[in-house]
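The values are calculated or read from the model by the stated rules, or taken from the named source; none is laboratory data. As the structure is a prediction and not an experimental result, all values here were calculated from the model. FYI the Cβ positions are ideal-geometry reconstructions off the backbone, even for glycines, and counts take in every protein chain you see. The accessibility values were calculated without ligands, DNA or RNA, using every heavy atom of the protein model including side chains. Shrake-Rupley method; radii C 1.70, N 1.55, O 1.52, S 1.80 Å.
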Amino acid sequence: CFAYWCFPCFACMTSRDFGEHLCLPLLDVFGGLIPPITLAIRVSMRHRYGIQGSIPLDCVFSTFCGICSWCQMSREIKRRKLPVVVITTKNA
């Protein structure tokens, strides 16, 4: 809901959580047809986290479903921040 009702705020917070400048997504306004910042962060995230995909697909998702792209990126960041729990068992 937050992404839908206040998309600029959501995109800025996601950008900050990824380690980029807080206001960077606001520059998409000057990008034309394809939002360059959304595309760049999406490609960067795929490379950093080893997610399969391609630049043409990133282009399509960034252009035609920007809110969905930012929600997906936010979920990936949250997933990577979850602590890892190691369970060991004793052999009897």
Residue check for Ile87: open to solvent by 100 Å² or more (accessible area, probe 1.4 Å), among the hydrophobic types (A, V, I, L, M, F, W, C), farther than 17 Å from Ala3 by Cα and outside any helix (DSSP H, G or I): yes
Conditions (1) loosely packed, with under 12 Cβ neighbours inside 10 Å; (2) aliphatic (A, V, I, L, M); (3) in contact (Cβ under 8 Å) with a residue 60 or more places away in the chain; number of the one not met by Leu82: (3)
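What are the residues in segment 14-27 that are open to solvent by 30 Å² or more (accessible area, probe 1.4 Å), assigned to a helix (DSSP H, G or I) and either without any contact (Cβ under 8 Å) to a residue 40 or more places away in the chain or in contact with a strand residue (DSSP E or B) (Cβ under 6 Å, 6 or more places away or on another chain) (or both), if any?
Looking only at segment 14-27, we keep the residues that are open to solvent by 30 Å² or more (accessible area, probe 1.4 Å), and these are 16-17, 19-24, 26-27.
Okay, now just the ones that are also assigned to a helix (DSSP H, G or I), so 16-17, 24, 26-27.
Arg16, Leu24, Leu26, Leu27, listed by residue number.
Quick check, is Ile77 open to solvent by less than 60 Å² (accessible area, probe 1.4 Å), of a type in the set (Val, Ile, Thr) and touching a residue at least 40 places away in the same chain (Cβ under 8 Å)?
Working: open to solvent by less than 60 Å² (accessible area, probe 1.4 Å): yes; of a type in the set (Val, Ile, Thr): yes; touching a residue at least 40 places away in the same chain (Cβ under 8 Å): yes.
Here the answer is yes, as Ile77 does meet what is asked.
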Those residues of segment 50-64 which are within 12 Å of the chain's Cα centre (by Cα) and open to solvent by less than 60 Å² (accessible area, probe 1.4 Å), in sequence order: Ile51, Asp58, Ser62
Filter result for Leu39 (open to solvent by 40 Å² or more (accessible area, probe 1.4 Å) and more than 16 Å from Arg75 (Cβ to Cβ)): no
Index of the failed condition, Leu33 passing every other in (1) hydrophobic (A, V, I, L, M, F, W, C); (2) exposed (fewer than 12 other Cβ atoms within 10 Å of the Cβ); (3) part of a helix (DSSP H, G or I): (3)
Odd one out for Phe7, checked against (1) open to solvent by 40 Å² or more (accessible area, probe 1.4 Å); (2) in contact with an Asp or Glu (Cβ under 9 Å, 6 or more places away or on another chain); (3) among the hydrophobic types (A, V, I, L, M, F, W, C): (2)
